[in-house]
Amino acid sequence: MPEPTPVQWADIVQQLGAEIAGPLSAALEQIQNLATTGQIDRRGLRLLRRSVDEARTAGMLGQQLARLASGRLRLTRERQHLTQMLRSVLAQRSRETQAQGVQVRQALQPVEIWADGSLLFALLNALMDWALANTHSSVDLRLDLTPWPVKARLSCRFAHRALELMGDERTASASAGLDSLAWRLLEQTALTLGVLPLREQDSGITLLTLEFTQLAAEDAPEPPDSTLSRLEAETERMGGNSRPLAGCQLLIVSTNRELRAETQAAVRQMGMLVDAVTSVAEAEQFCAEGLPHALLFDAALMSEALQQLIAGISRDAPDFSFVEMFDGEHRTQLSTATSDGVAR
């Protein structure tokens, strides 16, 4: 599998700088207008927030790319049910796709492969990030097996131009987003996993095919892996540059400013995308637009409304992570040890 050359990484770094500087320049313009006039209208506030979000997202993508480029990753090959993991990712992101009005059509055969679980999960999320950011219609996902040589193919097809603009040469810029930093992350994650990404574009339609060659036969034993290598791999996973949770989104819910600050400080080195709200109502609105990967909430906010929010999220994403935080000493409990599936 070809590895990116120093020149390619230099291009990625240059692109990272551009995708951070552009939104920050737009945000600075809004701030200067605010400083000059002393006021900002709703449109300006919306543009300011979007610019900051875009710059932050670009920064987080850069952190994940740095993780791949560090050379410190040691992948642990384990049997993974690709179909189930993909369905789990789609369930996790169902609210986001509904909020965008995007229909995700699925035709998935059952497939098991040998792969590193955390990196495979990151790849599937990167695929959805890229597709949802560029589609102007629906997203078609297909997972099947080729007869010979036997390999699994995950294809993602969508229109990257609006249907009414198909064939219009003036809309060439509409495809610029296809080569964004999100694509770079998707491409490099796939290559790191040993997965070949094949991308085609024709008349406003994009087709990406990810080819998985390490299939796991039903009766195949797990490949040999010594205890020492497992320990080394786990140590490497927890290393500063590997950061397996890098890029995951965390939502903190608490009215206590100090508790929010302490929580943010505790996860700062994990490379996660952290948002914070002060009420259950704000959390509901946030989750309606798209689920984070984990929800940390202040125990003081436990109420019927919060229980309903937890129940609703659990229906959409059964594997979602909830953590109840206490301001003071409290016995730590894993989610697997609690009756409601909430870690404490």
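The values are calculated or read from the model by the stated rules, or taken from the named source; none is laboratory data. If you're wondering where the values come from, they're calculated on a predicted model, not measured in any experiment. Quick reminder, even Gly has a Cβ in these numbers, built from the backbone with ideal geometry, and neighbours come from all protein chains shown.
Among the residues of segment 78-102, those that are modelled with pLDDT of 90 or more, over 24 Å from Ala159 (Cβ atoms) and in contact with a helix residue (DSSP H, G or I) (Cβ under 8 Å, 6 or more places away or on another chain) comprise Gln80, Leu82, Met85.
Name every residue in segment 90-115 that is in contact with a strand residue (DSSP E or B) (Cβ under 7 Å, 6 or more places away or on another chain) and not polar (S, T, N, Q), in order of residue number. Leu90, Val102, Val104, Arg105, Ala107, Leu108, Val111, Glu112, Ile113, Trp114, Ala115 - these are the residues of segment 90-115 that are in contact with a strand residue (DSSP E or B) (Cβ under 7 Å, 6 or more places away or on another chain) and not polar (S, T, N, Q).
Residues are listed down the side, and each one gets a yes or a no for (1) closer than 27 Å to Ala91 by Cβ; (2) assigned by TED's automatic domain parsing to the domain that holds Gln63; (3) among the charged types (D, E, K, R):
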residue: Arg257; (1), (2), (3): no, no, yes
residue: Arg268; (1), (2), (3): no, no, yes
residue: Asp275; (1), (2), (3): yes, no, yes
residue: Thr278; (1), (2), (3): no, no, no
residue: Phe286; (1), (2), (3): yes, no, no
residue: Leu295; (1), (2), (3): yes, no, no
residue: Ala300; (1), (2), (3): no, no, no
residue: Leu309; (1), (2), (3): yes, no, no
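The condition of being out of contact with any Leu (no Cβ under 8 Å at 6 or more places or on another chain), assigned by TED's automatic domain parsing to the domain that holds Thr206 and within 25 Å of Glu284 (Cβ to Cβ) does not hold for Ser118.
One residue stands out among those in segment 6-32 that are in contact (Cβ under 8 Å) with a residue 40 or more places away in the chain and not hydrophobic (A, V, I, L, M, F, W, C): the one that is surrounded by the most Cβ atoms within 10 Å (Cβ to Cβ), which is Glu19.
Scanning for something at pLDDT 85 or above, farther than 25 Å from Leu61 by Cα and not in a helix (DSSP H, G or I), does segment 280-287 turn up at least one residue? Checked segment 280-287: no residue is at pLDDT 85 or above, farther than 25 Å from Leu61 by Cα and not in a helix (DSSP H, G or I). Among the numbered conditions (1) surrounded by 20 or more Cβ atoms within 10 Å (Cβ to Cβ); (2) at pLDDT 90 or above; (3) not polar (S, T, N, Q), the only one that Asp116 does not meet is (2).
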